[in-house]
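Here's the structure we're looking at; comments come further down.
The values are calculated or read from the model by the stated rules, or taken from the named source; none is laboratory data. This one's a predicted model, so the numbers in the text were calculated from it and none came from an experiment. No Cβ is skipped: glycine too gets one built from the backbone with ideal geometry, and neighbour counts run over all protein chains shown. Remember, those area values only see protein heavy atoms, side chains included, never the ligands or the DNA or RNA. Shrake-Rupley method; radii C 1.70, N 1.55, O 1.52, S 1.80 Å.
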2 protein chains.
Amino acid sequence: MPGMAEDRGVDLGRELSTAVVMFHEAVGQHLGVSAGDQRALALIRGGPLSAGALAKEIGLTPGAVTGMIDRLEAAGLVRREVDPNDRRRILVGSTDSGISAHSGLFDELAAAMRRMATRYTPAEQAVIDDYVVRTVAILRGQTERLTERKQSGKR
Amino acid sequence: MPGMAEDRGVDLGRELSTAVVMFHEAVGQHLGVSAGDQRALALIRGGPLSAGALAKEIGLTPGAVTGMIDRLEAAGLVRREVDPNDRRRILVGSTDSGISAHSGLFDELAAAMRRMATRYTPAEQAVIDDYVVRTVAILRGQTERLTERKQSGKR
DNA sequence: GGATATATTTTAGTACAGTGAATTAAAACA
DNA sequence: TGTTTTAATTCACTGTACTAAAATATATCC
């Protein structure tokens, strides 16, 4: 039943999704980084990763990951370091300049988001936070569902 | 000042952004449609568009758009129709099966979102809706900012 | 310590989406 | 009606990211 009142949240969600994706693409173009590479960057942001771990995480062959790291390194966004515990491994981590280049683009957005947050009472902000946290959880679950379905379909 | 309490909204926003993008990518892979083509699909969803309008909107050459429509058409997601008013033009519109294929993937997500919405009182839902609407507006504005900056940088 | 296994890189080849220019068809204009 | 403009497609080419497999370097295991 499209158009029902309770679907307003869904439609809003779709709009939000589109807006997020378009912003993301704009950031990528601005940094000169492809959409695929950005996924890697997001992972690396969470902490240094070995090339192999990265390959596994994003579903590419080791050779492809080498090229990807090359690109990101050339752009000054990440840095290779030899793993002291296992010198075959490299650890890929964010560079300071990479973080700030990225953050720089987000600064205005972050400022606008903070400004907006002041519109709400603490209680309202708590509701919003709760909503966002739950939405993230749902999205992650649904992403996993799709990914798994696809993988099982492939084999 | 990273880590401050008022940045919680920003960090949550980043997580939400990543989750949305990853979900979007999963949907694209599932439909066998590249990320770029999905932008076109989103535009077409809003109503039939001529090939030229599509080219202008997504910043590709007419030749590239022809190929893109070919791909989407081969996937059964869109349909070409000759514009009755100007027979040089074609209008690209969503197919029923394209809509349902797409919606199908979103159905579970939509259901989960609706289920989550029931957790909130009407007043809380109003706050959330307001938040989402404002966030979308901010994202669109920031996207435009980045896009313009990039274009001016290019010339 | 030497054989085997593992991590990354390198290399050669492939696939594909993009550009720019030529082509075809229809509309607009004078 | 004939010329010019506009819309989409086709064509030849290019750039780039990918895979698979070989090469290199280090770790692990008897």
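Using 7 Å Cα-to-Cβ label points, what is the B:Arg45/B:Asn85 separation (nm, one decimal)?
Going from the B:Arg45 label point to the B:Asn85 one covers 2.5 nm.
How tilted is helix A:8-31 with respect to the longest principal axis of chain A? Cα atoms for both, answer in degrees (0 to 90, nearest 10).
Tilt of helix A:8-31: around 30 degrees.
Run the simple label-point estimate for A:Ala137 and A:Ser34 please: 7 Å along Cα→C-beta, distance reported in nm.
My value for the distance between the label points is 3.6 nm.
Report, to the nearest 10°, how far helix B:122-154 tilts away from the longest principal axis of the Cα atoms in chain B, using its own Cα long axis and a range of 0 to 90°.
60
Per the 1.4 Å probe, what fraction of the accessible area of the protein assembly as shown, in percent, lies on carbon and sulfur atoms? Intermediate values should be presented prior to the final figure.
Values: 9350 of 17380 Å².
Carbon and sulfur: 54 percent of the exposed surface of the protein assembly as shown.
Taking the label point as lying 7 angstrom from Cα along the Cα-to-Cβ axis, what are the distances from B:Lys56 to the corresponding position in the remaining copies, in ascending order and in nanometres?
5.1
Extent of the protein assembly as shown along each principal axis, from alpha carbon coordinates, in Å, largest to smallest?
Projected onto the principal axes, the Cα atoms of the protein assembly as shown cover 67, 49, 48 Å.
If amide H atoms are built 1.01 Å from N in the plane of the peptide, which residues on other chains or at least 5 residues away come under 5 Å of the amide H of A:Leu91?
Result for A:Leu91 returns A:Glu81, A:Val82, A:Asp83.
Tilt of helix B:35-45 relative to the longest C-alpha principal axis of chain B, in degrees (0 to 90, nearest 10)?
80
Calculate the all-directions average of the projected area of region B:4-63's alpha-carbon convex hull, and give it in nm².
For the Cα atoms of region B:4-63, the hull's average projected area reads 5.7 nm².
Report the relative contact order of chain A, percent, no decimals, based on alpha-carbon pairs under 8 angstrom and at least 6 residues apart.
In percent, rounded to a whole number, it is 16.
Whole number in Å², please: accessible area per residue of chain B, 1.4 Å probe, ligands, DNA and RNA not counted.
Working: 8690 Å² over 155 residues.
Solvent-accessible surface per residue comes out at 56 Å².
Return one quarter of the surface area of the convex hull spanned by the alpha-carbon atoms of chain A, equal to its mean projected area, in nm².
Mean shadow area of the hull around the Cα atoms is 12.9 nm².
Given the -39500 (n - 2.57) contribution per DSSP H run of 4+ residues, what per-residue ellipticity at 222 nm results for chain A, rounded to the nearest 500 deg cm²/dmol? Don't skip to the end; give the middle numbers.
On the way: 6 runs with 111 residues, N = 155.
Mean residue ellipticity, 222 nm, calculated: -24500 deg cm²/dmol.
I'd like the Karplus ³J(HN,Hα) series for region A:56-66: coefficients 6.51, -1.76, 1.60, θ = phi - 60°, whole numbers in Hz, and an x wherever there's a Gly or Pro.
5, 5, 9, x, 10, 6, x, x, 5, 5, 4
Which residues in region B:107-132 place their backbone N less than 11 Å from a point set 7 Å from the Cα of A:Arg8 along the Cα-to-Cβ direction?
From region B:107-132, the list is B:122-130.
Measure off 7 Å from each Cα along the Cα-to-Cβ vector at A:Ala101 and B:Ala111, then give the distance between these two points in nanometres to one decimal.
It works out to 4.4 nm between the two label points.
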